[in-house]
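Have a look at the structure below before the remarks.
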Amino acid sequence: MQDQRKKLRVIVNCAVFAAITAILAQVEIPLPVVPISGQTLAVGLTATILGSRQGAIAMVGYAALGAIGLPVFAGFKGGAQVLIGPTGGYIFGFILTAFITGFILEKTKFNLTMALVANIVGMIVTLICGTIQLKFVLDMSWNQALAAGVYPFIAVGLIKAFLASWIGITVRNRLVKARFLPAKKETVA
């Protein structure tokens, strides 16, 4: 019975954070090639609160919802064409970002300093994944891809990394205290 409760809690956590990502994706500032959106903030929050495994599962769920056509991506877009299009690399990068960000926190400590380090690393991972796909899909040079897919997002990315760290650690601590999250990493078979 206890195992079933743990599994249910994991499913609910992942579903809630996939939904939060879908909602924050609609907060966007349009730019010519790649918009600035709340998706990356949501990825950082997800990883900071849930950790590597659940964070990555939540992002797989988010990507899957969009892949089947639900309008969960930035600008109320959905469908496989978004994933194979110029911005799809960022979405695939969210899965890796959530895992790496959460992994760093699990191997160090869930505190503001380590969360900021982990979220900055995560931001870099997202930008690398997104820029690689952007370059090849739009047949850009590396300089063009960096100019369109990295440089405009550095300052905003650092702000979002700080917000994800601060809000994420605050929320995580409260969820642990309320026993909605385990204090230590918990494995579910």
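Considering only residues in the range 97-120 that are within 12 Å of Thr40 (Cα to Cα) and aliphatic (A, V, I, L, M), the one that is nearest to the chain's Cα centre (by Cα) turns out to be Ala98. Taking the range 67-86 as the range and being under 15 Å from Gln39 (Cα atoms) and either of a type in the set (Asp, Glu) or more than 14 Å from the chain's Cα centre (by Cα) (or both) as the test, the residues that pass are Pro71, Gly75, Phe76, Lys77, Gly78, Val82, Leu83.
Considering only residues in the range 79-96 that are out of contact with any Cys (no Cβ under 8 Å at 6 or more places or on another chain) and within 11 Å of Gly122 (Cα to Cα), the one that is surrounded by the fewest Cβ atoms within 10 Å (Cβ to Cβ) turns out to be Ile95.
Report the residue count in the range 121-133 for those that are within 12 Å of Phe92 (Cβ to Cβ), aliphatic (A, V, I, L, M) and out of contact with any Leu (no Cβ under 7 Å at 6 or more places or on another chain). Residues flagged as within 12 Å of Phe92 (Cβ to Cβ), aliphatic (A, V, I, L, M) and out of contact with any Leu (no Cβ under 7 Å at 6 or more places or on another chain) within the range 121-133 amount to 2.
Within the range 121-141, is there a residue that is in a helix (DSSP H, G or I), within 14 Å of Gly55 (Cβ to Cβ) and free of Cβ contacts under 8 Å to residues at least 60 places away in the same chain? Yes, that holds for at least one residue. Of all residues in the range 147-158, none are farther than 14 Å from Pro86 by Cβ and assigned to a loop (DSSP other than H, G, I, E, B).
Scanning the range 51-78 for residues that are surrounded by fewer than 19 Cβ atoms within 10 Å (Cβ to Cβ), without any contact (Cβ under 8 Å) to a residue 24 or more places away in the chain and touching a helix residue (DSSP H, G or I) at 6+ places or on another chain (Cβ under 7 Å) returns a single hit, Gly78.
Computed from the coordinates by the stated procedures, all read-outs in this text should not be read as laboratory data. Everything quoted here is computed from the prediction, not taken from an experiment. Neighbour counts are summed over all protein chains in view; Cβ atoms, including those assigned to glycine, are modelled from backbone coordinates with ideal geometry.
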